[in-house]
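Here is the structure we will look at.
Derivation of every value follows stated rules applied to the coordinates shown; laboratory data play no part. Fair warning: this is a prediction, and the values are worked out from it, not measured in the lab. Don't worry about glycine lacking a Cβ; one is built from the backbone with ideal geometry, like all the others, and counts go over all protein chains shown.
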Amino acid sequence: MQTGYRLSNVTKDYLTVYHCILDEMITGMTGAEETDSISYDFITQMIPHHRAAIEMSHNILKYTTNIPLQDLAEGIIAEQTKSIENMRKIQAICTGRNNPHRDLTLYRQRNSQIMQTMFQEMRNVRTTNQINCDFIWEMIPHHRGAVRMARNALQYSVCPELKPILETIITSQETGISQMQGLLRAMHCVG
């Protein structure tokens, strides 16, 4: 958290919830069981990641009066909820899709780097009394992490049912990042 001035009580309340969500996400993602299946491992790490986006969006909806940001947050909730449902449907099927040891090692190394970068960026995000801006600054590295994780998984053999989910994550999260960058400009967010 980077701030050089006094934060309002409302901002502090918002940030307390945000940091709890972030801690839960990190615990869920780093504590996920590793198997011999990249497909299964991706799903078990992406579910807590998506859950965090849903909770972060609920958090901003308690505070924002900005309609485009409200629409964005509600869209994140709907999209990520659907993605979790889709991943849960195929989770058992994907368990049997095993990968060679070398692929597992390479996948995990890159995935660990992606997650650590995302965690660090989300922990060190700039913080202001502009909660709308804060939310976007928090969500952009979150979305970026999902894109990178999905791209990493697509480099390996994954169960066919997971491929369209990975592609949707990449497309939707990149679109979301672009929308959020536009909102940052429209809201004149400066940190």
Rounded tilt (10° steps) of 131-154 against the dominant C-alpha axis of the chain: 10
Using a 10 Å Cβ count of at most 15 others and DSSP loop calls, identify the longest part of the chain lacking such GluC sites (Glu not before Pro). 35-191
Compute the projected area of the convex hull of the Cα atoms of the chain, averaged over all viewing directions, and report it in nm² to one decimal place. 10.0
Answer with one residue from 124, 70, 38: the one whose Cα lies farthest towards the positive end of the charge dipole of the chain, charges on Cβ with Lys, Arg +1 and Asp, Glu -1. 124
Measuring from the longest principal axis of the C-alpha atoms of the chain, the long axis of helix 163-186 (C-alpha) lies at a number of degrees, nearest 10, equal to 10
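What value does segment 66-118 have for Rg/Rh, both radii from Cα atoms and Rh as Kirkwood defines it? Before the final figure, lay out the partial values.
On the way: Rg = 16.5 Å, Rh = 14.1 Å.
A ratio of 1.17.
For segment 1-98, what percent of Cα pairs sit more than 23 Å apart?
39
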Name every cysteine in the chain that ends up alone, with no second cysteine's Cβ under 4.7 Å, or say none. 20
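Using +1 on the beta carbon of Lys and Arg, -1 on that of Asp and Glu, and nothing else charged, what's the dipole of the chain about the Cα centre, debye to 20? Let's see the in-between values first.
Working: 18 positive and 19 negative charges, 70 e Å.
The calculation lands at about 340 debye.
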Please work out the Cα center distance from segment 63-95 to segment 138-160, rounded to the nearest Å. 15
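What are the chymotrypsin sites (Phe, Trp or Tyr not before Pro) within segment 1-70 that DSSP puts in a loop, where the Cβ has at most 10 other Cβ atoms within 10 Å?
Working: sites: 5, 14, 18, 40, 42, 63; in loops: 5, 63.
For chymotrypsin sites (Phe, Trp or Tyr not before Pro) across segment 1-70 that sit outside H, G, I, E and B with at most 10 neighbouring Cβ atoms in 10 Å, the list reads 5.
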Reachable lysines, given that their alpha-carbon falls under 23 Å from the alpha-carbon of residue 89 and they are not under 8 places away in the same chain: 163
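Where the only charges are on Cβ atoms (+1 Lys, Arg; -1 Asp, Glu), what is the dipole of segment 114-191 about its Cα centre, to the nearest 20 debye? Write down the numbers at each step before the final one.
Values: 7 positive and 6 negative charges, 34 e Å.
The dipole magnitude comes to about 160 debye.
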Where does helix 38-61 land angle-wise versus the long Cα axis of the chain, in degrees 0 to 90, nearest 10? 20
